[in-house]
Each structure stands twice: as C-alpha cells, then as structure tokens.
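Colleague: Please see the structure below; I have some questions.
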Amino acid sequence: MTIRLETIRDCLEGAVPGYVATCDPDGTPNITALSQVQYVDERHLALSYQFFNKTRRNILANPTARLQVTSPLTAAQYRMTLRYLRTETQGPLFETMKAKLAGIASHEGMTGVFRLLGSDVFEVLEIELVPGQPLPPPAQPSRMTALRSSAARLAAAQDLESLLGGILDCMEKDFDIGHTMVLMADTAGRKLYTLATRGYDRSGIGSEIPMGEGVIGVCARMATPIRIGHATSEYGYGRALRRSAEEEGMGDRLDTRIPLPGLAEPASQLAIPIQARGRLLGVLYVESPQDSRFTYDDEDALMVVAAQFGMVVQDLETGQEPPEDPASEPPEPPPGCVGGGPLVVRHYAEDDSIFLDGDYLIKGVAGSIFWTLVRDHVTLQRTTFNNRELRLDPRIKLPGLSDNLEARLVLLGRRLVEREACVRMEKTGRGRFRLCVERALHLEDVPQS
C-alpha cells in the first residue's frame, strides 16, 4: 500500500522526536535525533539545520538519508527514504521553522542554544510502515462540518462589523477555540492593529504589534501560517510592544499604548495570514493554554476560513454602496455623558493621537478620522458622514485607496464604545453613519513640534 506524506503529518509535530540516518563517503552510518521535521508539500519535507555536525557533513557529501518518525496518536512508526535538494536560509519556510524552533527551545529550556541556521529541504522518495501493532486512531472532530458552518456565517455578513462578529463566532462555536484575535495590517506595512477579540478579560481593541515581531508579526511579514505547540518566551508580545513604543520616540510625555490581550503563558499558538488577491490584509490569531492544541488539520481549515474572510473584506471594500437606510433613533447616551462641561478633545499632530478629557483614545489614521469628524461637527454643525467622502478627504491622509477605511471606522467606533465616550458613531446605512455627540466639544490642536 502506498503511504502518502500528507496522511501522516501528525508524525511531524515533534511530540515524538524523529531520527535521521546518514552515511559518510566511506559508508560509516550516523544516527541523530531531530529538533524539527516540517511538512512542505505532498513530496517534500524539511529538517532543521542548527549545527555543522556529522549529519550536516554527511548530507553534503551523500544526499541520501533515512528518516524514522512516530505518530503521537497511534505509536505507528514510519521509515522514509529522502534525497537532499537544498538549504533555505530565508523566506516563509525558514521563518516558520525558526518560529517553531524558538517554541521548542523555550519549552526545553534551551533558549540561546537552539538557533536555526537553515531549512534543509528533502524529496521524499519512499515511505514504509515499520512492522508493529499501533493503537487505533482517536476520534477527531470533523473540520468539514466546521468549515461548512463557517462558510455560511461569513457569507451572511453585510458589512465589516458583522463579518468580524461572524469570524469570532466561527472560532468559538464551530472550532471550539476560546481565544481569538483579528488584526489588520496598515498600508505602510509596519504594524498590525487589533480590530476584534474574544475570550480575554480586556478587549485590546486598537493595540498594535510591529510587523515581524512575535508569532503574529512573523506570520504577517512572511504571509505564511505559524503554529507552535509549546509555550515560548521568544515570541512574547509585551517585549515587542515596548520596543515599538521606544522606536516611536514618544518618551514619557504621553501613554498611547493599548495593552494587547493574550494569555500570559499560551501553550499553543496559531497565526494565519488573511489575504485577498495576493494582498496581505491582516492576521487571524488563536491560542490555547493546552499543549499541542492545534494540528495540521486545524491549520489547513483556518487557512480556508481566513481566505474566505479576506475575500469578503475585499468585496466589501470594492462593492457598490446601496441607498441609505431610513434613519434610526439616536442611541441612548452612556452613563455620565448627559450634562456637565464641554468634553475636551485634544489632538496631537505628531502622530494624530486623540485624548478625551486627558485620557488616550486612538492614534494614526483612526485618530485623523476622528479629528476630521469632530472639527466638521463643531465648525459646520455636521452630524452625517459617508465613507466615500472620507476616503477622498485630504485631511485624513489615508495611505492609499487600498487602505481599508471601513476597518479604521470599525476600530474607532469600538474604541468609543469601549471608553464609554460621549461621542458615538451610529451606522445609518452601508457606508454611512452619523456622529452622536452628547456634550459640547472643546477642541485643542497641538501642532507638531
């Protein structure tokens, strides 16, 4: 019976170490344990190259190798014949293996010792089952059922707000994942900002992670999924966020950092790139306190979900705006908003950060949008706005037409609700909203120093 590599991917998870056998030119064999075996496609896999040791010297002299792996689910063992093709030292495959190796190193107390030098790519020539009595495979939940339900949820979304709620429902109700974040990429390609979360004590809406930092940042930079089955300090987000703040040169004058939500010690992490027509839109990130919670099958399934999510986002960006819906009644003001003195809105031109009565709200493009709205409200008594005019407004300084304006508006609206601000954005139709202001506004513009 022919055994296909994709049917035994659970053997490559690293729960049970693999062993590789090589020979030098004289035929002397050498066997060593492997830190990592990475599935590439149905004909290829990659082994981690960390040291210039006997195995490495043998492979360069004699490209044939034998690999033995074990299923952590059934204890079945498989032996493969491999042929060395090349070593990759950059790119998605290398970055994926580098991130996973950091997780393995941290879990084993070997941080600083394990360092990936390259990804050795091999062609799989033959796979054979080692004689034995494996255990019966455990029952696995059907990802097809989850995918079918997820597809229906995402297809029903009418706007970005409902689409975000839909993908969070997909993770929680269809895939039984308790901790999820959806982050969008800025057009400049420097950061991702948190747009939706579920399962955390604080929402973290508006928090940022630099491109290339942590599991999320590496996933975004390389546009490739990153899956780690053990707790890792190498890709902690607190340190990355502090470094980002220092690079911005904000100093101690203002605190414009929104804490990123996340488990203190995630045992499993999976970051999936959200793309549409070759453009990175963001990252879907899930985590769990359980070791090895996410499998190759989970990774494949969430790649499908993220792809559909990205296409719907793209369709929403380019779709025609329907006629305006009938206006609804203004929402009830938050507690404490009725009466009182003017709400002081302070804008810092340096980074378009916004403070309400001295408390930080938002910055960047979303801050520029909010400052434009409140200025028009105060000077022109405007309350109704639409996405089309904002997209073309030079005061907002959108990085380009490809920037997802609706994502910025959702971010701003959610931050206002989270802060229980006396200014709210109420949707009145597709691409239309009104500004609901419950107190007089006093605007202060701090020019760039």
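Colleague: Would you check if ILE31 is buried (at least 18 other Cβ atoms within 10 Å of the Cβ) and touching a strand residue (DSSP E or B) at 6+ places or on another chain (Cβ under 6 Å)? Talk me through it step by step, then tell me what you get.
Modeller: Working: buried (at least 18 other Cβ atoms within 10 Å of the Cβ): no; touching a strand residue (DSSP E or B) at 6+ places or on another chain (Cβ under 6 Å): yes.
In short, no.
Colleague: Every residue in the stretch 1-38 that is in a strand (DSSP E or B) and closer than 19 Å to PRO225 by Cα, please. Before the answer, list the steps.
Modeller: In the first step, residues of the stretch 1-38 are kept if they are in a strand (DSSP E or B); the result is 19-23, 29-33, 37-38.
Within the stretch 1-38, VAL37, GLN38 meet the criteria.
Colleague: Of the residues that make up the stretch 39-47, is at least one in a loop (DSSP other than H, G, I, E, B), basic (Lys, Arg) and open to solvent by 40 Å² or more (accessible area, probe 1.4 Å)?
Modeller: Residues of the stretch 39-47 in a loop (DSSP other than H, G, I, E, B): 42-43.
Within this subset, residues satisfying the condition of being basic (Lys, Arg) are 43.
The next check asks that each one be open to solvent by 40 Å² or more (accessible area, probe 1.4 Å); those that pass are 43.
Yes, the stretch 39-47 contains a residue that is in a loop (DSSP other than H, G, I, E, B), basic (Lys, Arg) and open to solvent by 40 Å² or more (accessible area, probe 1.4 Å).
Colleague: Which residues, counting only those in the stretch 262-277, are open to solvent by 40 Å² or more (accessible area, probe 1.4 Å) and modelled with pLDDT of 90 or more?
Modeller: Passing the criteria: only GLN275.
Colleague: Now for a separate question. Quick check: anything in the stretch 169-181 closer than 30 Å to ASP357 by Cα, open to solvent by less than 10 Å² (accessible area, probe 1.4 Å), at pLDDT 90 or above and within 13 Å of the chain's Cα centre (by Cα)? Steps first, answer last, please.
Modeller: Let us first name the residues in the stretch 169-181 that are closer than 30 Å to ASP357 by Cα, namely 181.
Narrowing further to those that are open to solvent by less than 10 Å² (accessible area, probe 1.4 Å): 181.
From what's left, at pLDDT 90 or above: 181.
Add one more test, that the residue is within 13 Å of the chain's Cα centre (by Cα), and what stays is 181.
Checked the stretch 169-181: at least one residue is closer than 30 Å to ASP357 by Cα, open to solvent by less than 10 Å² (accessible area, probe 1.4 Å), at pLDDT 90 or above and within 13 Å of the chain's Cα centre (by Cα).
Colleague: Could you please let me know if ASN53 is under 21 Å from GLY118 (Cα atoms), free of Cβ contacts under 8 Å to residues at least 40 places away in the same chain and surrounded by fewer than 19 Cβ atoms within 10 Å (Cβ to Cβ)? Walk me through it before giving the result.
Modeller: Details: under 21 Å from GLY118 (Cα atoms): yes; free of Cβ contacts under 8 Å to residues at least 40 places away in the same chain: yes; surrounded by fewer than 19 Cβ atoms within 10 Å (Cβ to Cβ): yes.
Criteria met by ASN53.
Colleague: Counting just the residues of the stretch 56-69 that are open to solvent by 20 Å² or more (accessible area, probe 1.4 Å) and not in a helix (DSSP H, G or I), which one comes out farthest from LEU135 (Cα to Cα)? If you could, list the steps in order and put the result at the bottom.
Modeller: Pass one, the stretch 56-69, residues open to solvent by 20 Å² or more (accessible area, probe 1.4 Å): 56-57, 60-64, 66, 68.
With not in a helix (DSSP H, G or I) added as a condition, the list becomes 62-64, 66, 68.
Working: ASN62: 36, PRO63: 34, THR64: 31, ARG66: 24, GLN68: 18 Å.
Going through the qualifying residues, I end up with ASN62.
Colleague: All but one of (1) within 24 Å of ARG257 (Cβ to Cβ); (2) open to solvent by 20 Å² or more (accessible area, probe 1.4 Å) hold for LEU373, so report the exception by its number.
Modeller: Failed condition: (2).
Colleague: Taking the stretch 71-88 only, how many residues are more than 25 Å from PRO289 (Cβ to Cβ), modelled with pLDDT under 95 and polar (S, T, N, Q)?
Modeller: Of the residues in the stretch 71-88, 1 are more than 25 Å from PRO289 (Cβ to Cβ), modelled with pLDDT under 95 and polar (S, T, N, Q).
Colleague: Scanning for something more than 27 Å from MET222 (Cα to Cα), at pLDDT 90 or above and either charged (D, E, K, R) or surrounded by 14 or more Cβ atoms within 10 Å (Cβ to Cβ) (or both), does the stretch 106-127 turn up at least one residue?
Modeller: Yes, the conditions are met somewhere in the stretch 106-127.
Colleague: Can you tell me which residues in the stretch 312-326 are assigned to a helix (DSSP H, G or I), surrounded by 12 or more Cβ atoms within 10 Å (Cβ to Cβ) and either in contact with a helix residue (DSSP H, G or I) (Cβ under 9 Å, 6 or more places away or on another chain) or at pLDDT below 85 (or both)?
Modeller: Answer for the stretch 312-326, where residues must be assigned to a helix (DSSP H, G or I), surrounded by 12 or more Cβ atoms within 10 Å (Cβ to Cβ) and either in contact with a helix residue (DSSP H, G or I) (Cβ under 9 Å, 6 or more places away or on another chain) or at pLDDT below 85 (or both): VAL312, VAL313, LEU316, GLU317.
Colleague: Related question: Which residues, counting only those in the stretch 394-449, are in contact with a Cys (Cβ under 9 Å, 6 or more places away or on another chain), open to solvent by 30 Å² or more (accessible area, probe 1.4 Å) and among the β-branched types (Val, Ile, Thr)?
Modeller: VAL437
Colleague: Scanning the stretch 344-355 for residues that are out of contact with any Gly (no Cβ under 9 Å at 6 or more places or on another chain) and at pLDDT 95 or above, which turns out surrounded by the most Cβ atoms within 10 Å (Cβ to Cβ)?
Modeller: VAL345
Colleague: Shifting gears a bit: Count, please, the residues in the stretch 146-168 that happen to be among the hydroxyl-bearing types (Ser, Thr, Tyr) and buried (at least 21 other Cβ atoms within 10 Å of the Cβ). Working first, answer last.
Modeller: Our first condition is that a residue be among the hydroxyl-bearing types (Ser, Thr, Tyr); within the stretch 146-168, this holds for 149-150, 162.
Cutting the leftovers down to buried (at least 21 other Cβ atoms within 10 Å of the Cβ) gives us 150.
Residues meeting the conditions: 1.
Colleague: Please determine whether any residue of the stretch 143-166 is on the phi < 0 side of the Ramachandran plot, in a helix (DSSP H, G or I) and acidic (Asp, Glu). Let's see the steps before the verdict.
Modeller: The initial filter retains those residues of the stretch 143-166 that are on the phi < 0 side of the Ramachandran plot, namely 143-166.
Next, from what is left, pick out any that are in a helix (DSSP H, G or I): 143-155, 160-166.
Right, trim to acidic (Asp, Glu) and you get 161.
Yes, the stretch 143-166 contains at least one residue that is on the phi < 0 side of the Ramachandran plot, in a helix (DSSP H, G or I) and acidic (Asp, Glu).
The values are calculated or read from the model by the stated rules, or taken from the named source; none is laboratory data. Remember, it's a predicted structure, so these values are computed and weren't measured experimentally. Neighbour counts are summed over all protein chains in view; Cβ atoms, including those assigned to glycine, are modelled from backbone coordinates with ideal geometry. Only protein heavy atoms, including side chains, enter the accessible area calculation; ligands, DNA and RNA are left aside. Shrake-Rupley method; radii C 1.70, N 1.55, O 1.52, S 1.80 Å.
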